[in-house]
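Student: The structure is given below, and queries will be raised subsequently.
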Amino acid sequence: MDHCEKETRFARQFYMSRAWVKCRKAYAASKGGLCERCWSKGLIVPGEEVHHKIRLTPENINDPNIALNHDNLELLCKNCHLEEHSKVRWRADELGHVDL
């Protein structure tokens, strides 16, 4: 198994875990279900992705201080989440379709 496959396997297991599902739901509720970045700009946009500020790796994914800590999370809309991860010039519409 190569490094990339290993990361994918760890991530898939984590994101399907009961602990993450519960944490994600509680965090989104604590932010009123709104994208934090859009809200800071005065925009009301539903948050759809709970983003880890410190990227999860196989080395830290089992550390609850990183993986499940609300201080390391941010509720983002699809556009802000795509922008954070890709840093490219495309957006997703409200249905998640990518506009190039």
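The values are calculated or read from the model by the stated rules, or taken from the named source; none is laboratory data. Here the structure is a predicted model, which means the values were calculated and not measured. Note that we place each Cβ from the backbone using ideal geometry, even for glycine, and neighbour counts take in every protein chain shown.
Student: Examine segment 36-57 for a residue that is surrounded by 14 or more Cβ atoms within 10 Å (Cβ to Cβ), of a type in the set (D, E) and out of contact with any strand residue (DSSP E or B) (no Cβ under 6 Å at 6 or more places or on another chain), and state whether such a residue exists.
Tutor: The answer is yes; a qualifying residue exists.
Student: With respect to I61, determine if the residue is part of a loop (DSSP other than H, G, I, E, B), exposed (fewer than 14 other Cβ atoms within 10 Å of the Cβ) and not charged (D, E, K, R).
Tutor: Considered against the rule, which asks whether it is part of a loop (DSSP other than H, G, I, E, B), exposed (fewer than 14 other Cβ atoms within 10 Å of the Cβ) and not charged (D, E, K, R), I61 comes out as no.
Student: Has segment 31-44 got any residue that is more than 11 Å from the chain's Cα centre (by Cα), assigned to a helix (DSSP H, G or I) and free of Cβ contacts under 8 Å to residues at least 40 places away in the same chain?
Tutor: For segment 31-44, residues more than 11 Å from the chain's Cα centre (by Cα), assigned to a helix (DSSP H, G or I) and free of Cβ contacts under 8 Å to residues at least 40 places away in the same chain: present.
Student: Output the residues belonging to segment 72-99 that are at pLDDT 60 or above and among the charged types (D, E, K, R).
Tutor: E74, K78, E83, E84, K87
Student: Report, ordered by the first and then the second residue, all pairs with beta carbons closer than 7 Å, sequence separation of six or more or different chains, a first member in segment 47-63 that is under 21 Å from C35 (Cα atoms), and a second member that is assigned to a loop (DSSP other than H, G, I, E, B).
Tutor: G47/K31; G47/G33; G47/C35; G47/C77; E48/C77
Student: Do you know which residues across segment 59-73 are polar (S, T, N, Q) and over 12 Å from C23 (Cβ atoms)? So that I can check it myself, show each step before the final result.
Tutor: Restricting attention to segment 59-73, the residues satisfying the condition of being polar (S, T, N, Q) are 60, 62, 65, 69, 72.
Residues satisfying the conditions are N60, N62, N65.
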